[in-house]
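Q: First the structure, which I've put down as structure tokens, then a few questions once you've had a look.
The values are calculated or read from the model by the stated rules, or taken from the named source; none is laboratory data. Everything numeric here is computed off the predicted structure, so don't read it as measured data. Here the Cβ positions follow ideal geometry from the backbone for every residue, glycine too, while neighbour counts run over all protein chains shown. Heads up: the accessible areas ignore ligands, DNA and RNA and are worked out on the full protein's heavy atoms, side chains in. Shrake-Rupley method; radii C 1.70, N 1.55, O 1.52, S 1.80 Å.
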Amino acid sequence: MDQTEVPVLDALARYHARGELGFTPPGHKQARGADPLVRKELGDAVFQSDVLAFGGLDDRRATDRVLERAEQLMAEAVHAAHTFFSTCGSSLSVKAAMLSVAGPHETLLIGRDAHKSVVSGLILSGVRPVWVEPQWDDGRALAHAPSPEAFEAAFADHPDARGALVTSPTPYGSCADLTRIAEVCHRRGRPLIVDEAWGAHLPFCAELPTWAMDAGADVCVTSIHKMGSGLEQGSVFHLQGDLIDPAVLGSRAGLLGTTSPSVLIYAGLDGWRRQMALHGQELLCGALRLAGTVRKEIEDIEGLHVDGLAEYVDSGLAADLDPLPVVIDLAALGITGYGAADWLRQHHRIDAHLADHRRISTQLTHADDESTTAALLAALRDLSAHAPDLRPAPRVAVPQPAELRLEQTCLPRDAYFGPYEDVARERAAGRVVAEMLTPYPPGIPAALPGERLTEPVLHYLRTGVAAGMHLPDAADPALGTVRVLREE
């Protein structure tokens, strides 16, 4: 196929050239009905490209196959058998993948460092999770993806499991040994789902870690808006092999997805594929060189340390590292990532991606250059100089790995939809949680529906909230109360 083609963008150009007059949604009618203030802020181009996918961009029966051809081009660009576009983010894509592998009350092996979207998929589907423990770095209080041996043991204990799901890369850039995990699954004729939301760029540069399809995964979910240049909510999921029927995967996606997809998001996906197919190696290799320089310069700033291969890649840790999420350890400064992220935004208008009890992540992509990184470095130098203003930092009581693991007493679905009550946090230990308690970002639940709460985890969350942790999914984000299953 000709990778210079952009079916969605070309169809938009034809739509505008024909001067079509729609008596259909969207109701703003090519910006004519939009509020003047909105038009001034967004510009009319946004509205003029916001057309119906079917009955606008294409006819009502998709005769021109616009979306189909765009998806085929994407599949060819990354050497997948099938590609599906999603305008509802990877949160939808990963749910569709899960539902294609396991149904209600069937078992799925899942790394416990999964994103909250995976837990949402469990709640909606009634799939029974068997949690596979991450590989923990005790000293840094950081989780890496589970090992192949951990999945091997989980299959041995649960031979009825329909497949496995692993997250790689993590939001910190650490990567699983996907090739060996895929082999573990395929020896049993079971598919591997990879939540590769942070790895959309991986297929397009040989210097980056191996991406999921090349490693043998059956389904791979990627967020184009994270490390690519698509619009927010732009996601694709890729399929290969014969363990999952593409018609089933498409049907499951249709079950969850919107019937009013955004052509703007489709156009972003289509254009990003063309950009990467034609220029990805050059752009991403340039980003890697820039990241290498930035990492060295941050390392020279007093009190800052950049996590790298030496910290993440070893036996019992990660198998590889994507260096573009530049993760900065602040432990030597004696401040929290929460405080540092807030200070950088307030004083330098710099937004860090991720913050935890001792780190921030300053994500770089092919869109960065010396001007953006110079601003980042200047802000980080100023942060170091003003660290005394952020001390003493609130202490976050991070439990040991064994204390973080909670007993799963019932299906997440049953706990989430069961009878509940809100109890004071001081009385929540020993109770079964009926909500997700999710520090965000990165969005990995510390406690999820059906797990029995313990005092160490509650103390971690309480001290985290006091230090600046955000718990957006909790009924009470301040954690004065916790939603738990009502006891008979």
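Q: Applying the selection to the stretch 92-122, what residues are more than 23 Å from PRO169 (Cβ to Cβ) and either under 15 Å from the mean Cα position of the chain (by Cα) or surrounded by fewer than 20 Cβ atoms within 10 Å (Cβ to Cβ) (or both)?
A: Result: GLY103, PRO104, HIS105, GLU106, THR107.
Q: Inside the stretch 284-303, can you point out the residues that are touching a residue at least 40 places away in the same chain (Cβ under 8 Å) and either open to solvent by 10 Å² or more (accessible area, probe 1.4 Å) or under 15 Å from PRO209 (Cβ atoms) (or both)?
A: The answer is LEU284, CYS285, GLY286, ALA287, LEU288, LEU290, ALA291, THR293, GLU297, ILE301, GLU302, GLY303.
Q: Over 28 Å from LEU404 (Cα atoms), modelled with pLDDT under 95, in contact with a Leu (Cβ under 9 Å, 6 or more places away or on another chain) and open to solvent by 50 Å² or more (accessible area, probe 1.4 Å): does that describe ASP64? Lay out the reasoning, then the answer.
A: Details: over 28 Å from LEU404 (Cα atoms): yes; modelled with pLDDT under 95: yes; in contact with a Leu (Cβ under 9 Å, 6 or more places away or on another chain): yes; open to solvent by 50 Å² or more (accessible area, probe 1.4 Å): yes.
So ASP64 passes the test.
Q: Quick one: in the stretch 389-404, of everything that is part of a loop (DSSP other than H, G, I, E, B), out of contact with any Gly (no Cβ under 7 Å at 6 or more places or on another chain) and open to solvent by less than 80 Å² (accessible area, probe 1.4 Å), which residue is farthest from VAL432 (Cα to Cα)?
A: First, pick out the residues of the stretch 389-404 that are part of a loop (DSSP other than H, G, I, E, B): 391-400.
From what is left, the residues that are out of contact with any Gly (no Cβ under 7 Å at 6 or more places or on another chain) are 392, 394-395, 397-400.
Now restrict to residues that are open to solvent by less than 80 Å² (accessible area, probe 1.4 Å): 394, 397-399.
Numbers: PRO394: 28, ALA397: 21, VAL398: 21, PRO399: 19 Å.
Within the stretch 389-404, the match that is farthest from VAL432 (Cα to Cα) is PRO394.
Q: Here's another thing I want to ask about it. Residue by residue through the stretch 1-26, note down the ones that are open to solvent by 70 Å² or more (accessible area, probe 1.4 Å), over 20 Å from MET276 (Cβ atoms) and not acidic (Asp, Glu).
A: ARG14, HIS16, ALA17, ARG18, LEU21, PHE23, PRO25
Q: Modelled with pLDDT under 95, over 28 Å from LEU73 (Cα atoms) and surrounded by fewer than 24 Cβ atoms within 10 Å (Cβ to Cβ): which single residue out of GLY89, GLY139 fits that description? So that I can check it myself, show each step before the final result.
A: Working: GLY89 fails: over 28 Å from LEU73 (Cα atoms).
Step by step, each of GLY89, GLY139 is checked, and only GLY139 is modelled with pLDDT under 95, over 28 Å from LEU73 (Cα atoms) and surrounded by fewer than 24 Cβ atoms within 10 Å (Cβ to Cβ).
Q: What number goes with the only condition from (1) charged (D, E, K, R); (2) open to solvent by 80 Å² or more (accessible area, probe 1.4 Å); (3) out of contact with any strand residue (DSSP E or B) (no Cβ under 9 Å at 6 or more places or on another chain) that GLU407 does not pass?
A: Looking at each condition in turn, GLU407 falls short on (3).
Q: Is it fair to say MET469 is under 25 Å from THR107 (Cα atoms) and surrounded by 22 or more Cβ atoms within 10 Å (Cβ to Cβ)? Spell out the reasoning first.
A: Numbers: under 25 Å from THR107 (Cα atoms): no; surrounded by 22 or more Cβ atoms within 10 Å (Cβ to Cβ): yes.
Taking the combined requirement at face value, the residue does not satisfy it.
Q: On to the next question. I'd like to check something: does the stretch 357-369 contain any residue that is within 27 Å of ASP137 (Cβ to Cβ), among the charged types (D, E, K, R), surrounded by fewer than 16 Cβ atoms within 10 Å (Cβ to Cβ) and at pLDDT 95 or above?
A: Just the residues of the stretch 357-369 that are within 27 Å of ASP137 (Cβ to Cβ), to begin with: 357-365.
Adding the requirement that they be among the charged types (D, E, K, R) leaves 358-359.
Subset that is surrounded by fewer than 16 Cβ atoms within 10 Å (Cβ to Cβ): none.
No.
Q: If you take the residues in the stretch 179-197 that are touching a residue at least 60 places away in the same chain (Cβ under 8 Å) and in contact with a His (Cβ under 8 Å, 6 or more places away or on another chain), which one is surrounded by the most Cβ atoms within 10 Å (Cβ to Cβ)?
A: Restricting to residues being touching a residue at least 60 places away in the same chain (Cβ under 8 Å) and in contact with a His (Cβ under 8 Å, 6 or more places away or on another chain), the top hit is ASP195.
Q: Moving to a separate point now. Could you tell me how many of the residues in the stretch 299-335 are under 23 Å from the mean Cα position of the chain (by Cα), under 16 Å from SER361 (Cβ atoms) and part of a loop (DSSP other than H, G, I, E, B)?
A: 5
Q: Looking at ALA31, is it in a helix (DSSP H, G or I), surrounded by 15 or more Cβ atoms within 10 Å (Cβ to Cβ) and in contact with an Asp or Glu (Cβ under 7 Å, 6 or more places away or on another chain)? Explain how you work it out, then say what you get.
A: Working: in a helix (DSSP H, G or I): no; surrounded by 15 or more Cβ atoms within 10 Å (Cβ to Cβ): yes; in contact with an Asp or Glu (Cβ under 7 Å, 6 or more places away or on another chain): yes.
No.
Q: Which residue pairs have Cβ atoms under 8 Å apart, sit 6 or more places apart or on different chains, and have a first residue in the stretch 447-467 that is without any contact (Cβ under 8 Å) to a residue 60 or more places away in the chain and a second that is β-branched (Val, Ile, Thr) and open to solvent by 40 Å² or more (accessible area, probe 1.4 Å)?
A: GLY450/THR409; GLU451/THR409; ARG452/THR409
Q: Sticking with this structure for a sec: When you look at LEU264, is it at negative phi, out of contact with any Pro (no Cβ under 8 Å at 6 or more places or on another chain) and in contact (Cβ under 8 Å) with a residue 24 or more places away in the chain, yes or no? Spell out the reasoning first.
A: Working: at negative phi: yes; out of contact with any Pro (no Cβ under 8 Å at 6 or more places or on another chain): yes; in contact (Cβ under 8 Å) with a residue 24 or more places away in the chain: yes.
Yes, satisfied.
Q: For ASP351, state whether it is of a type in the set (D, E, K, R), closer than 30 Å to GLN281 by Cα and open to solvent by less than 60 Å² (accessible area, probe 1.4 Å).
A: Considered against the rule, which asks whether it is of a type in the set (D, E, K, R), closer than 30 Å to GLN281 by Cα and open to solvent by less than 60 Å² (accessible area, probe 1.4 Å), ASP351 comes out as no.
Q: Answer yes if at least one residue in the stretch 404-411 is basic (Lys, Arg) and closer than 17 Å to ALA143 by Cβ, and no otherwise. Write out each step before concluding.
A: The first filter runs over the stretch 404-411 and keeps only residues basic (Lys, Arg), leaving 405.
Imposing the further condition that a residue be closer than 17 Å to ALA143 by Cβ reduces the set to 405.
Scanning the stretch 404-411, I find at least one residue that is basic (Lys, Arg) and closer than 17 Å to ALA143 by Cβ, so the answer is yes.
Q: For the stretch 332-348, name all the residues that are open to solvent by less than 20 Å² (accessible area, probe 1.4 Å), without any contact (Cβ under 8 Å) to a residue 40 or more places away in the chain and either over 20 Å from GLU299 (Cβ atoms) or not aliphatic (A, V, I, L, M) (or both).
A: Scanning the stretch 332-348 gives a single hit, GLY337.
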